[in-house]
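A short write-up of the structure that comes next.
The values are calculated or read from the model by the stated rules, or taken from the named source; none is laboratory data. This structure is a prediction, so every number in the text was calculated from the model and none was measured. FYI the Cβ positions are ideal-geometry reconstructions off the backbone, even for glycines, and counts take in every protein chain you see.
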Amino acid sequence: MQGKETIPTEQGAQEVSKTRNTPPARDAERSQSTLSDTGMSLTHTLAEAPIGVFDSGAGGLTILAALQQELPDETYIYFGDTAHCPYGTRSDAEITELSIRANCFLYEQGVKLIVVACNTASQAALNALRATFPVPFVGVVPAVKPAARATRKGRIGIAATNQAAKALYLRQLIDEFAEGIHVCAVGCPELVTLVEQGELDGPVTEQTVREALRPVLAEDVDVIVLGCTHFPALRPVIERVTHNEVQIIDSGVAVARRTRSVLEAESMLHTPGLNGAGQGELHIWCSGDPTAFSKVASKILGYPVVARQHS
């Protein structure tokens, strides 16, 4: 592994660019003359680099699936911080420290862009990540704006983690995009646990989802925002519990489109035929048990994958 593998403190993280003891992993950090001397094109080199995807655990795999649908020629490196999941019960300072540590690993893999596929980490740590690492970041924003447009009753629910449900950022989104609309936001940490355990359906899962959404459904909402990337993995159960009478909205497609937009703007989009090799590859890492994570990831993605561990 190149450079330092972990950053133990937030202060240390701010020094990440100073403490690397090996040459930078990204060609973007080398001079244009060096690239020219080696006969490489900066644009093509960056276009061939992988996209990093980060989440506290398995939830970001729902975003990964949307990314693969939108950008099938890209190579992806996914990191789930399963050893420290859930993030939604932690403080902002803890979330920021853990996020910087995890993204240091992705950065050292030479990624050209990182998708923070976690609502909680996006709200708590995205600014710190952008200040620490010289790559573009795409975060996840709760879909309050489209929900406000979609509601006919003027009543929407937001299912999130405990931390995200009470975050100032969510309140600001509601004030900006849902003025005059009744919004009920609830923390549903038990749904994160279901997904992390791979319990995506069945009687117990259905009962847990029903109880978690009871406060929202009691408000007579006609739109529910899935404000945690874990929750789309439970969409079939959620639709069954709501009798398909409530519109369910998540951020997956919007994040994938935003990622394409950033890559195009930076001339980093990997197009078919660009040196061909390695297109469409997927590498999955986690900080906890890789065997258990492989099983959960395979369930969510719908095809077999093998995760590796990086602690």
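Consider His230 carefully, then state whether it is outside the structural domain of His84 (by TED's automatic domain parsing) and closer than 30 Å to Leu269 by Cα.
yes
Could you please find all residues in the stretch 179-236 being in a strand (DSSP E or B), touching an Asp or Glu at 6+ places or on another chain (Cβ under 8 Å) and in contact (Cβ under 8 Å) with a residue 40 or more places away in the chain?
Val225, Leu226
Return the residues of the stretch 133-157 that are in a helix (DSSP H, G or I) and charged (D, E, K, R); say none if nothing qualifies.
Passing the criteria: Lys145, Arg149.
For Arg130, all conditions in the list (1) at pLDDT 95 or above; (2) crowded, with 24+ Cβ neighbours inside 10 Å; (3) assigned to a helix (DSSP H, G or I) hold save one; what is the number of the exception?
(2)
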